[in-house]
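Participant: My questions all concern the structure below.
The values are calculated or read from the model by the stated rules, or taken from the named source; none is laboratory data. Because the structure is predicted, anything quoted here is derived from the model rather than measured. Here Cβ is always computed from backbone atoms with ideal geometry, including for glycine, and neighbour counts include all displayed protein chains. These accessible areas exclude ligands, DNA and RNA; they are computed on the full protein's heavy atoms, side chains included. Shrake-Rupley method; radii C 1.70, N 1.55, O 1.52, S 1.80 Å.
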Amino acid sequence: MRIKYFFSFILLVSIVCCKQQSAVNNSKADIAVKWELLSNFEENGYAARFHLTNKAGQALTDKNWKIFFSIAPSPVLPNTTPQPANIEHINGDWFKLYPNQGFSLKAGDSVTIDYKATGYVIKNTDQPLGIYIVFYDADGKEENITPITDYTLIPYTKKEQLLRGKADHELPASAEKTYIENTGLSVLPENQLLPIIPTPLSFTKLDGSFDLNIATITFSDSLNEEARLLAERLKEITGKDFSTKASNSAQKGIHLSINAASLKNKNNEAYRISINNDGVFITGYDAAGVFYGIQSLLSLIPTKVYLEKEKQIKLPYVVIDDAPRFAFRSLHVDVSRNFQTKENIFRILDVLAQYKINRLLLYTSEDEGWRVEIPGLPELTEVGARRQHISGREVAALHPAYGSGPFADSKDNYGTGYYTRKDFIEILKYAKQRHINIIPELNFPGHARAAIKSMEARYEKLMKEGKKEEAEEYRLTDPDDKSEYISAQMYKDNVVDVTRESAYKFYEKVVEEFGKMYKEAGLVMHEFHAGGDEVADGAWTKSPHALELLKQHPEIKNAKNIQAYFFRELLKRLEKKGLEIHGWEEAFLIKDSTGKLAPNAEFASKPVVPYIWNNMFDYPDLGYRLANQGYNIVLCNVSNFYFDLAYNNDPAEPGLYWAGFIDTKNAWAFAPFNMFNTTFKSSMGEVLEWDKPNSPWQKLKPEAQKNILGLEAQLWSETIKGRDMIEYYMLPKLIGFAESAWSPERKWEKEGNRQKRIQQINEGWNQFANTIAQKEFPKLAHANGGYNYRVPPAGAVIENGEIKANVALPGISIHYTTDGSEPTMQSPVYSAPVPATATFTFKTFDASGKSGRTVVVEKPATQRLN
């Protein structure tokens with residue numbers, strides 16, 4: 001699915017496996033920690049420093065403590081100068097700080113520890129998280145475990161802290177950089193905004209308006225659920241009850257019906273809306289079409305209804321004919337790395353429905369967590385849904401990750417949690433009501449540590465009971481495997497032994513249990529995602545089981561191709577269940593005779609769907625090559641649709657950046673059949689010219705366009721904690737994505753002239769950005785009690801003695817103060833350049849009062865973001 005970190009350096013860590021100690025708070029651990037990034041401009045990576053202060057606690061010696069923490073994973077480099085303590089990678093993003101011989105830190109003393117690591121860190125979300133100290137007795141046994149609460153991140157302010165090394169082509173984060181990026185945008189009047197997002201195929205506005213307040217909702221028999229949801233939403237908006245009635249004859253009001261023959265577009269999910277003096281008529285090709293017509297109807301409700309609590313709703317007379325460009329429009333949500341509650345998923349489903357997204361790929365298994373109850377395998381949630389301190393990575397349990405800290409049940413711990421069967425069935429039903437199909441994912445053979453450790457815990461328990469055959473039934477490892485590897489996220493033990501029959505039995509067991517939940521929800525599971533990405537080089541190379549397999553099947557040739565063997569064997573079993581098997585692109589690759597990875601034609605005629613994420617590295621044309629080969633594919637381009645990548649490079653803007661930065665414009669400006677026309681920057685901000693005629697990349701053949709099933713956006717959750725963060729990452733990016741996935745082809749998608757294409761993109765984006773700010777934000781502020789969408793901060797610059805400001809989404813107001821106080825909506829509104837005679841504090845607000853981050857511009861021109 002993605003390459004997060006590029007490593008070749010393997011750390012060999014010797015950890016003594018001992019019985020896990022009970023966690024006890026230790027009042028003596030009065031330690032203060034500061035962490036400081038020194039520079040990203042080191043020869044092989046970055047340099048950083050820990051500051052430790054023993055405020056009043058017990059003396060720290062060279063034997064009685066270690067500090068554990070999570071941090072953006074990268075290999076630690078050997079120290080070139082002696083340090084009082086060392087940093088060591090354990091597994092994944094779990095590290096430890098341990099004392100060297102002679103270390104002493106008495107009460108009142110302080111010490112600094114410098115270290116270097118590969119890569120770079122530029123975000124506040126990159127810092128050490130979930131820091132805790134473990135005290136040891138004289139025999140080296142764990143005595144006490146205590147979170148360290150006195151922790152400080154020293155802010156990034158210098159160029160060498162703000163850029164990703166010397167090869168970074170981006171400008172350092174600043175208010176001036178933001179201002180430059182916003183240049184060219186302008187506020188549009190209401191009559192120039194888009195009437196509906198995503199844009200319909202055909203929209204005709206007529207003279208006149210219909211008073212919605214007197215409406216009754218009538219519907220044909222099969223549309224009871226659609227009518228109910230419409231009535232609920234209208235009541236939420238207006239405060240009024242709207243009656244519903246099953247009737248094939250329309251009354252003056254809103255009438256919902258299915259009549260495929262009457263539509264211009266005879267496609268699944270197509271609809272027509274006609275609003276005239278007789279009422280509102282929504283006709284669908286199917287029930288989904290009616291539902292999407294309802295979403296468009298709700299989009300026509302004037303913004304002032306949301307902002308001013310306007311009681312009278314007048315809808316313009318219109319005729320709308322619409323159908324989706326792509327049948328597959330999906331959002332992927334990772335609930336494994338950091339858990340999201342059932343209620344949060346409901347909110348996500350509601351906003352997906354609003355923007356006509358019809359799939360949710362729910363990522364329920366990963367290295368760091370298993371999130372769905374599976375009857376008969378309680379260890380998957382007893383062990384795999386909990387992260388906590390353990391004595392070493394060999395223990396059959398999950399260690400801390402992403403700042404989850406030492407205790408599984410601590411407050412705001414997103415490392416713990418799972419959906420019961422009842423929860424998952426409720427999610428399925430909730431999604432179905434909104435015409436969204438949930439696709440579960442069981443990622444194998446890599447990214448499987450939670451499953452592996454859960455089944456090892458099961459194995460150990462049953463072996464103690466003398467039940468060897470039962471213990472082996474679902475085991476996922478070769479106990480004699482001595483392979484050395486490190487995954488993209490720096491795991492050393494996350495690959496399943498796919499030579500074992502028990503691995504396939506486990507997989508089939510889980511799939512069967514998911515199928516039962518679908519059946520109980522009144523559904524049939526047709527799609528299942530098998531993962532298949534980022535199996536680390538080196539896996540299986542020293543596994544006796546794998547070596548025996550290669551001996552028996554010389555046609556496999558090498559350990560890397562064992563993944564293709566696994567997918568082939570898995571497919572044989574899952575095809576019998578009538579499933580369409582989805583997977584990340586790596587599952588459909590094979591090493592060719594030169595040792596390079598290449599598309600594997602073997603599965604092209606099978607019921608499989610590759611998801612293509614990697615359009616930036618290695619083989620940017622891989623998606624088109626697979627489609628040209630006959631595969632039906634889903635485009636998940638990292639350069640456009642990875643919502644977990646930060647909006648920009650400001651340290652305060654949370655998120656990852658291994659493939660660059662993704663904002664709403666990236667998600668909107670995407671040409672599915674000409675993606676090189678809309679891939680403008682490399683991961684490091686270098687200008688790309690892949691749209692030139694002499695580009696080395698394979699283009700999509702016209703006859704292969706039908707093989708692009710659709711698009712998917714991704715929300716990986718390494719840096720996402722809880723509801724507010726996931727909504728912030730998702731919105732407004734999802735709005736741009738919806739336009740790319742549903743709406744008809746934009747004229748600039750085929751434009752061959754680069755300069756003209758960019759001009760057309762910018763013109764279209766200005767209209768779209770205005771519509772988000774002026775129409776979509778007020779609706780999102782109102783729906784479900786309000787979503788935590790991102791309001792962009794102001795850009796600002798001083799030129800010729802004047803201060804200028806702008807914003808990325810025109811229609812958002814900029815307020816300022818000059819006395820150091822925090823701006824409010826009652827503060828002066830910026831509308832034109834102002835003499836730069838003082839320090840200016842800017843804050844953006846949308847029409848509902850939701851604000852962006854504060855921006856301070858100091859005289860003469862020093863900026864900082866708070």
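Participant: Near residue 701, which lysines are there with a Cα under 23 Å away, not counting those fewer than 8 places off in the same chain?
Facilitator: Cross-link targets: 606, 692, 747, 750.
Participant: Right, next: Just from the alpha-carbon atoms, what are the Rg and Dmax of segment 727-866 in angstroms?
Facilitator: When restricted to the Cα atoms of segment 727-866, Rg and Dmax are 17.3, 51 Å.
Participant: How long are the semi-axes of the equivalent ellipsoid of segment 486-608, taking √(5λ) for every eigenvalue λ of the Cα gyration tensor, in whole Å from largest down?
Facilitator: Those come to 27, 16, 14 Å.
Participant: If you count only protein heavy atoms with a 1.4 Å probe, what accessible area per residue comes out for segment 166-242, rounded to a whole Å²?
Facilitator: Heavy-atom accessible area per residue stands at 51 Å².
Participant: May I ask you to list the lysines whose Cα is less than 22 Å away from that of residue 482, ignoring any residue fewer than eight positions away on the same chain?
Facilitator: Reachable lysines: 453, 492, 542, 551, 557, 560.
Participant: In addition: Once R0 is set to 51 Å, what does the formula 1/(1 + (r/R0)^6) return for the Cβ-Cβ distance between residue 307 and residue 138, expressed as a FRET efficiency to the nearest 0.05?
Facilitator: Efficiency for this residue pair is about 0.15.
Participant: To continue, here is another question. How large are Rg and Dmax for segment 215-312 when only the alpha carbon atoms are used, in Å?
Facilitator: Radius of gyration, then largest Cα-Cα span, for segment 215-312: 13.1, 41 Å.
Participant: Moving on. Using θ = phi - 60° and the Karplus curve 6.51 cos²θ - 1.76 cosθ + 1.60, what whole-Hz ³J(HN,Hα) does each residue of segment 80-91 get, with Gly and Pro shown as x?
Facilitator: 8, 10, x, 10, x, 8, 10, 9, 9, 7, 9, 5
Participant: What part of the accessible area of the chain, given as a whole %, is carbon or sulfur when the probe is 1.4 angstrom?
Facilitator: Answer for the chain: carbon and sulfur cover 49 percent of the accessible area.
Participant: Now a separate question. Would you mind computing, in nm to one decimal, how far apart the modelled labels at residue 745 and residue 688 are, each placed 7 Å from Cα along Cα→Cβ?
Facilitator: Result: 2.1 nm between the two label points.
Participant: Roughly how many Å² is the accessible area per residue of segment 714-866, as a whole number, for a 1.4 Å probe?
Facilitator: 36 Å²
Participant: Which three extents, in angstrom, do the Cα atoms of segment 686-750 have along their principal axes, listed largest first?
Facilitator: In descending order, the Cα extents are 45, 30, 21 Å.
Participant: In what sequence, highest mean first, do 443-456, 323-336, 116-129 appear when ranked by Cβ atoms within 10 angstrom?
Facilitator: Ranked by mean Cβ neighbours within 10 Å, highest first: 443-456, 323-336, 116-129.
Participant: Right, another one. When you have a sec, figure out the Kirkwood radius of segment 194-269 from all distinct Cα pair distances and drop it here in Å to one decimal?
Facilitator: Mean inverse Cα-Cα distance, inverted, gives 14.3 Å.
Participant: Next question, about the same structure. For residue 803, which sequence-distant residues (separation of 5 or more, or a different chain) have an amide H within less than 5 Å of its own amide H, given hydrogens modelled in the peptide plane?
Facilitator: Result for residue 803 returns 834, 836.
Participant: Taking Rh as the Kirkwood radius, which is the inverse of the mean 1/r over Cα pairs, what is the Rg/Rh value for segment 769-841?
Facilitator: 1.04
Participant: For segment 291-407, what number of Lys pairs, 8 or more residues apart or on separate chains, have alpha-carbon atoms under 28 Å from each other? Working shown, then result.
Facilitator: Numbers: 304/314; 304/356; 309/356; 311/356; 314/356; 342/356.
Lysine pairs meeting both conditions in segment 291-407 amount to 6.
Participant: Return the Rg/Rh ratio of the chain with Cα-based radii and a Kirkwood Rh.
Facilitator: That ratio is 0.97, to two decimals.
Participant: Could you state the number of Å between the C-alpha centres of segment 314-387 and segment 561-576?
Facilitator: If you average the Cα positions of each part, the centres end up 26 Å apart.
Participant: Let me ask something additional. To the nearest 20 debye, what is the magnitude of the charge dipole of the chain about its Cα centre, counting +1 on the Cβ of each Lys and Arg and -1 on the Cβ of each Asp and Glu?
Facilitator: Its charge dipole is roughly 1160 debye.
Participant: Please give the contour-minus-distance gain from residue 341 to residue 112: 0.36 nm per residue of separation, less the Cα-Cα distance, rounded to one decimal in nm.
Facilitator: Values: separation 229, 0.36 × 229 = 82.44 nm, distance 3.99 nm.
Stretched out fully, the residue 341 to residue 112 stretch lengthens by 78.5 nm.
Participant: On to the next question. For segment 577-623, what is the Kirkwood estimate of the hydrodynamic radius, computed as the reciprocal of the mean inverse distance between distinct Cα atoms, to one decimal in Å? Walk me through the numbers before you get to the answer.
Facilitator: Values: mean 1/r = 0.0862 Å⁻¹.
Hydrodynamic radius (Kirkwood, Cα pairs) of segment 577-623 is 11.6 Å.
Participant: Additional query: In segment 276-367, which GluC sites (Glu not before Pro) fall in coil by DSSP and have 14 or fewer other Cβ atoms within 10 Å?
Facilitator: Values: sites: 308, 310, 343, 366; in loops: 308, 310, 366.
Taking segment 276-367 and a limit of 14 other Cβ atoms within 10 Å, the loop GluC sites (Glu not before Pro) found are 308.
Participant: Let me ask another. May I ask you to derive the FRET efficiency for residue 825 and residue 469 from their Cβ-Cβ distance with R0 = 51 Å, giving the value to the nearest 0.05?
Facilitator: Using R0 = 51 Å, I get an efficiency of 0.15.
Participant: At 7 Å along Cα-to-Cβ for each site, give me the label-to-label distance between residue 461 and residue 276 in nm.
Facilitator: Spacing of the two 7 Å Cα→Cβ label points: 6.7 nm.
Participant: Let me ask another. Using the Cα centre of the chain as origin and beta-carbon charges of +1 (Lys, Arg) and -1 (Asp, Glu), tell me which of 435, 68, 346 is placed farthest towards the positive end of the dipole.
Facilitator: Checking the options against the dipole of the chain, the answer is 435.
Participant: So what's the projected area for segment 446-529, the Cα convex hull averaged over all directions, in nm²?
Facilitator: Seen from a random direction, the Cα hull of segment 446-529 projects 7.1 nm² on average.
Participant: Using modelled backbone amide H atoms (1.01 Å from N, in-plane), which distant-in-sequence or interchain residues come within less than 5 Å of residue 372's amide H?
Facilitator: 419
Participant: Per the Kirkwood definition applied to all pairs of different Cα atoms, how many angstroms is the hydrodynamic radius of segment 266-397?
Facilitator: Roughly 18.5 Å, rounded to one decimal.
Participant: Let me ask you something else. Ignoring everything except DSSP H segments at least 4 long, calculate the 222 nm mean residue ellipticity for the chain; use -39,500 (n - 2.57) per segment, divide by total residues, nearest 500.
Facilitator: On the way: 20 runs with 198 residues, N = 866.
Dividing the helical sum by the residues of the chain leaves -6500 deg cm²/dmol.
Participant: Oh, and also: Counting other Cβ atoms within 10 Å, which trypsin sites (Lys or Arg not before Pro) in segment 475-526 have at most 16 and lie in a DSSP loop?
Facilitator: Values: sites: 475, 482, 492, 500, 505, 509, 516, 519; in loops: 475, 482, 492, 500.
Loop-located and lightly packed - 482.
Participant: Set the Förster radius R0 to 60 Å, insert the Cβ-Cβ distance between residue 856 and residue 592 as r into 1/(1 + (r/R0)^6), and round the FRET efficiency to 0.05. Intermediate results must be reported in sequence, preceding the final value.
Facilitator: On the way: r = 56 Å, r/R0 = 0.93.
After rounding to 0.05, the efficiency reads 0.60.
Participant: Could you work out the percent of alpha carbon pairs in segment 45-181 separated by over 19 Å, rounded to a whole number?
Facilitator: 56 percent
Participant: Using only alpha-carbon positions, what ratio does the radius of gyration of segment 801-852 give when scaled by 2.2 N^0.38 Å? Intermediate results must be reported in sequence, preceding the final value.
Facilitator: On the way: Rg = 10.7 Å, N = 52, 2.2 N^0.38 = 9.9 Å.
Dividing the Cα Rg of segment 801-852 by 2.2 N^0.38 Å gives 1.08.
Participant: Ordered by packing density, taken as the mean number of other Cβ atoms within 10 Å over each peptide's residues, highest first, how do 808-818, 726-736 rank?
Facilitator: The packing order, highest mean first, is 726-736, 808-818.
Participant: Just how far, in whole angstrom, is segment 71-122 from segment 494-516 if you go by their alpha carbon centroids?
Facilitator: For segment 494-516 versus segment 71-122, the Cα centre distance is 39 Å.
Participant: Taking a probe of 1.4 Å, how large is the accessible area per residue of segment 472-627, in Å²? Don't skip to the end; give the middle numbers.
Facilitator: Working: 5910 Å² over 156 residues.
For segment 472-627, the solvent-accessible area averages 38 Å² per residue.
Participant: Gain in length, residue 848 to residue 30, computed as 0.36 nm per residue apart minus the alpha-carbon separation, to one decimal in nm?
Facilitator: The residue 848-residue 30 span can extend by a further 290.0 nm.
Participant: Can you work out D for segment 144-220 in µm² s⁻¹ from Stokes-Einstein, where Rh is the Kirkwood radius over C-alpha pairs, the temperature is 20 °C and the viscosity is 1.002 mPa s? List each step's numbers first, then the result.
Facilitator: Details: Rh = 20.2 Å.
It diffuses with D of about 106 µm²/s by this estimate.
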